[in-house]
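Take a look at the structure set out below.
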Amino acid sequence: MCSLDFKSLRASQISSEATVARTLLEPKLDEQFLMHANWVLTHRGGAHARHLFESFMSIYRHTGHPIGHMDTALFKAHLVRWILGVYDRTKFLAIHQSEDHPLCDYFINSSHNTYLEADQVKGRSSTKMYQHVLLQGCRCIEVDCWDAKDGEPIIFHGHTLTSMIKFEDTVKVCRDYAFAVSPYPIIFSIENHCTPAQQDKMAEYFKEQFGELLLLRTGDETKLPNLAELKYCAILKGKRFPSEKATPNLSAITYLGAVPFALDGHPLDMTSFDEDKIKKQDHQNMLMYHRRQFSRIYPRGSRVNSSNYDPIFSWAKGCQMVALNFQTQSHPLWTNTGLFLNNGGSGYVLKSKNFLKPGTSTTHEMLRLRIRVLLATGLPESSDYRVIIRVRGMLSMGMMHRTERQRAQDGRVEWREADGAQRLVSQSDILLVEVCSGSGSLLCWTSMPVARIRQGYGALALRDPKSGRFLAEPLLWVHTSSPLAGQDSEQDQEEEFLAQEGKYRLSKSRLRCAVAFRDDVWIGSFDGRVLVVDPMRIADESSHGVRRALSVSTHPSRITELVVVHDNVVSSGMSPDIIIWDQHYHHTILQGHREVVMSMLHLEKLEQLWSVDLSGELRIWDDRKFSLIRTAQLETGIKCLVAAASKTDALQVWVGLHRSISVLDPQTLKTIHEIDVAPASRAFLFVRDLQEMWIPSNFGITVFLLDDTPIRTHHLEGHCAKVTSLHVVDGAGSRPMVLSGSFDKTICVWDSVAKTRLQTIQDAHGDSVEFMVGTNKMIWSGSTDCMVCVWSVP
C-alpha cells in the first residue's frame, strides 16, 4: 500500500493546481460558490465573472477547455448550465459511489497510445495529451517506451513515423496532473521495448516523481485491494520477470503483471486483448475472470487513423480498462465520456450488480426515464433541425427518441412536445443526445449517465463534434422525469416480468428446439433424441418428468427443428429425412429430399406442410396424409420459413436467407418483396396482434410492420451477441410481451407495443439460449448447456 497519509500529500507530492481543485470541491464551498456566482453575474459581470472562473477552475474539468483559456461569454454559458442544467448537482462534482469494493469491481477510464495527437503512423506525440486526458478524468494511460541514442528512454509508436517525446518529461507532466481531478489511483500501462540500462532509467524517473505514492507488492496478496485504500497512489502495469526482459529495478515497482490469459491466475496479474480477441472469449468465463482480475482492451492494429471501437461490448464482459483513442471524436468516445461523468468524473465507476460476486450490493436500480424536447436557442436560421436521443448501456441499447424536423426562427427551434418519449433504463446506462441539421449533419452532441439526470426542466450543455469541447451556443431545453420503475404510475405497477421457478438438467446432450404438444413439452437434442416431458413432474429429481426419449436408430443425427402438425410432431435434423411422430409415439419416415432439411413450416390454412433442404429444394406435403403435392426450387442457403398474415389477411411466407429476406406468395411461390436485412438466426417471430415480424439481429431485434410493403419500424438492441430464440406471451391486460434469448446467455423481456426493454436476465443459462416455449402459464427456455429453465409469468 501507499505508506504516506494522503492528507499530508497536499503540500508536497500533489501539484498546487490539484490542491486548489481538491480544496474547492468541499460541499459547503460549492453552495457558496453557486450563490456568489449568481450574484456576480447579476450585479457585476465582466471582469468579475472572469475572476470567479479563475478561482473555481475545477468546475471546468468536464468542459474539455484548457484551464484559463475560456472567454467570458462561454464562462457565463457554463454557469447558466450549471445552475439551470438537467444535471443532478449532488452528483456533478461529488464522488458518491462506494469505495469499499476491490479495484476489479470498477470500470476505469482508459486511454490508448495516450501520447498521440492524431493518427498511428505519422501523428505528432505530445506530453500535452497526457495533461489533456488526465484533466478529462482518465485514470489509465499508456506509455510506449523505446531506447534513444542519448541513453534517455523516449515514447513514441514504434516502427512508425510518429514523433518522439522524452520519457522523463512525460512522467513529470503526469505527476503534475495525476490527481488534479480525481483522488483515485493513476495506472501506467507500460509497453516496454527498452534495453536494461534505459529500463533502470525509467524506474529512476518513476521513483523520483512519485516516490512513496508508488504502489508496491508485499508478496502475500491474495486479492486486489479496495479502492478506498489506494487514494493518491500510482500503479505500474507491465512485464515483471527477467524472462520477459524486465529488469529487477523496474519489476520491483511494477504492481500489475502483464501475463497471458489464464482463468485461475494471480489476482495481481492481468491480460490485454485487442478488440477482436475479446469478442471471441466466452462471456461467462470473462465475467468470472473479472470478478478477481483485470483486463485491458485496446484497438486492433488496423485502426491506423486512430478510429475507435465500441466500448460497450467489452464493458459487457466486465473488462475494466477499455482503452480508446482520446484524440478521435466519435460515438465510442462520447459513450465513454458519458459513462465516466458518473461518480464525480473521478474515472472510476462501480459496476452494476450483475457483474459483481453473488450477494454484493450496489445502488444501481431501474428507472423509467421520460424526456420531452422543448426548444433550442442559438441556432443558425438557415436550416431545419431535429434532436436524436439514444440510450447506450451494457444491458440496453437503441434509439429512444427522434423529434420531428423544425425550422429555426429568430435563432430558436421550438418542439414543445406534449408526450416525448419514455424508456426503462438502468442507472448505469448512458444518454447520448445529438442535434442534427435537416440534411442529417451533426451540429452538436452531449452524453451523460442516466444516474446524473435530475427531474424537471433544465438545459443540456452541448459539445463540438470535432473537438469535444462545450459550446457557448446552442442551448437545448428539455423536461425529464426518472422515477423508479414500478413506482411512478399505475402502468408501471402493472408491468410483469419473468421469475425463475427452477433449473433442470434433462440430458447429457445439448438441447436445440422444443414445442408444446397436448399437455407435454417435446424437446429435440443434439444426440438425435426427442424428449417428451410432463411439465407437472419437471421437479421430480429421479426423472424430471421425462415420459419418453424417442429416437430412430437409423437416424442418430441431432434434432434441429420440431413442428406440431395436427395430432403429430414432425422432426428434422442433420438428415434428408423427416420423422413424423403421432400421439402414441409411433413414427413414420418421410423421404424425398436429397440434402439436409433446413426448415419446415405448417400452413394450416392451406392444409400444407413445407420442407426445404440445403440445396433450396422445396417440398409441399399434404398435412393429413403427408403425401407429396408439389416440388419447387428456391434459393440456396435458406435458414428458416415463417408464415405471416398481412393487414388484408393475405398469407405470406418469410424466407430467411444468409444475407437477405424474401417474402413469398404461398400460392404462386413468387417473390412479393426483397428485404435487405441479414438475419442472425432462424428465430423469426410473427406477432399476430400487432401484424409485426420480429427478426433476430447480431445484438438485438429488427421489427417490421406487415403492409403492402413491409416497413422497418424499430431496431431494438439489448444483447451483446446474436439473438437465437424469440417467443411471444400475453402480458398485463393481454398486452403482448416478446422474450428474446441470445448467444450471450441472456434473456430479454420486451414490451412489444412500446418497444421498450422491461427486463434483462443475465446468465439465464450457461450457454446460448436455443429455444423458448410456453406451457401451463410457464415459459421453458433451453440451452446448449443441456439445461432447461422454467419461468413463471404472473
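With the simple model of a label 7 Å out from the Cα in the direction of the Cβ, Glu244 to Met574 spans 4.1 nm. For the pairs Lys239/Lys277; Lys149/Lys279; Lys277/Lys503; Lys149/Lys280; Lys639/Lys755; Lys128/Lys279, note any where the Cα-Cα span goes beyond 29 Å. Long pairs (Cα-Cα over 29 Å): Lys149/Lys279; Lys277/Lys503; Lys149/Lys280; Lys128/Lys279. Stretching the chain fully between Asp527 and Leu263 yields a gain of 92.0 nm (0.36 nm per residue, less the alpha carbon separation). Phi angles across the range 747-753 convert, under the Karplus curve 6.51 cos²θ - 1.76 cosθ + 1.60 with θ = phi - 60°, into 3J(HN,Hα) values of 10, 10, 10, 10, 7, 6, 7 Hz, Gly and Pro given as x. Each of Asp200 and Arg537 was given a label point 7 Å from its Cα along the Cα-to-Cβ line. The distance between the two points is 7.9 nm. For the range 169-263, relative contact order (Cα pairs under 8 Å, six or more residues apart, normalised by length) works out to 34 percent. Amide H to amide H distances under 5 Å link Leu236 with Phe188, Leu215, Tyr255, Leu256, where only residues 5 or more positions off or on other chains count and H is placed in the peptide plane. Computed about the Cα centre, the dipole magnitude for the range 131-187 is approximately 200 debye when only Lys and Arg (+1) and Asp and Glu (-1) carry charge, each at its Cβ.
Largest accessible area first, the residues Lys722, Lys508, Lys755, Lys466 order themselves as Lys508, Lys466, Lys722, Lys755 under a 1.4 Å probe with ligands, DNA and RNA left out.
Taking each residue as 0.36 nm, the span from Thr668 to Asp730 lengthens on full extension beyond its C-alpha to C-alpha distance by 18.9 nm. Give the shape of the range 628-699 as rounded, prolate or oblate, defined through the alpha-carbon gyration tensor: a ≥ b ≥ c are the square roots of its eigenvalues, a/c under 1.5 means rounded, and otherwise the shape is prolate if a/b is larger than b/c and oblate if not. Oblate, since a/c reaches 1.5 and b/c is not below a/b.
As a rough guide to protection, the peptides 762-771, 137-146 ranked by mean Cβ packing within 10 Å, highest first, stand as 137-146, 762-771.
Sorted by accessible area (1.4 Å probe), largest first, how do Met693, Met129 line up?
On the way: Met693 0, Met129 20 Å².
Output order, biggest surface exposure first: Met129, Met693.
Where the centre of each part is set by its Cα atoms, how far does the range 543-602 sit from the range 664-743, in angstrom? Their Cα centres are 26 Å away from one another.
If a/c stays under 1.5 just call it rounded; otherwise compare a/b with b/c (prolate if a/b is bigger, oblate if not). Do that for the range 173-222, with a ≥ b ≥ c from the square roots of the Cα gyration tensor eigenvalues. It comes out oblate by the Cα gyration axes. For the range 148-265, the gyration tensor built on C-alpha atoms gives an oblate shape. Its axis ratio a/c (a ≥ b ≥ c) is at least 1.5, and a/b is not larger than b/c. Each residue of the range 677-683 is assigned a 3J(HN,Hα), and the resulting list reads 9, 8, x, 7, 7, 8, 7 Hz, derived from the Karplus form 6.51 cos²θ - 1.76 cosθ + 1.60 (θ = phi - 60°), x at Gly and Pro. Using 0.36 nm per residue and subtracting the Cα-Cα separation, the extra length available between Lys149 and Lys223 on full extension is 22.5 nm. Largest accessible area first, the residues Glu212, Glu473 order themselves as Glu473, Glu212 under a 1.4 Å probe with ligands, DNA and RNA left out. Taken one residue at a time, the phi angles of the range 230-240 give Karplus couplings (6.51, -1.76, 1.60, θ = phi - 60°) of 10, 4, 6, 9, 10, 10, 9, 10, x, 6, 10 Hz. Gly and Pro are set to x.
The values are calculated or read from the model by the stated rules, or taken from the named source; none is laboratory data. Please read these numbers as outputs of a predicted model, since none were measured by experiment. Cβ: placed from backbone, ideal geometry, glycine included. Neighbour counts: every protein chain shown. Surface areas here come from the heavy atoms of the whole protein model, side chains and all, with no ligands, DNA or RNA. Shrake-Rupley method; radii C 1.70, N 1.55, O 1.52, S 1.80 Å.
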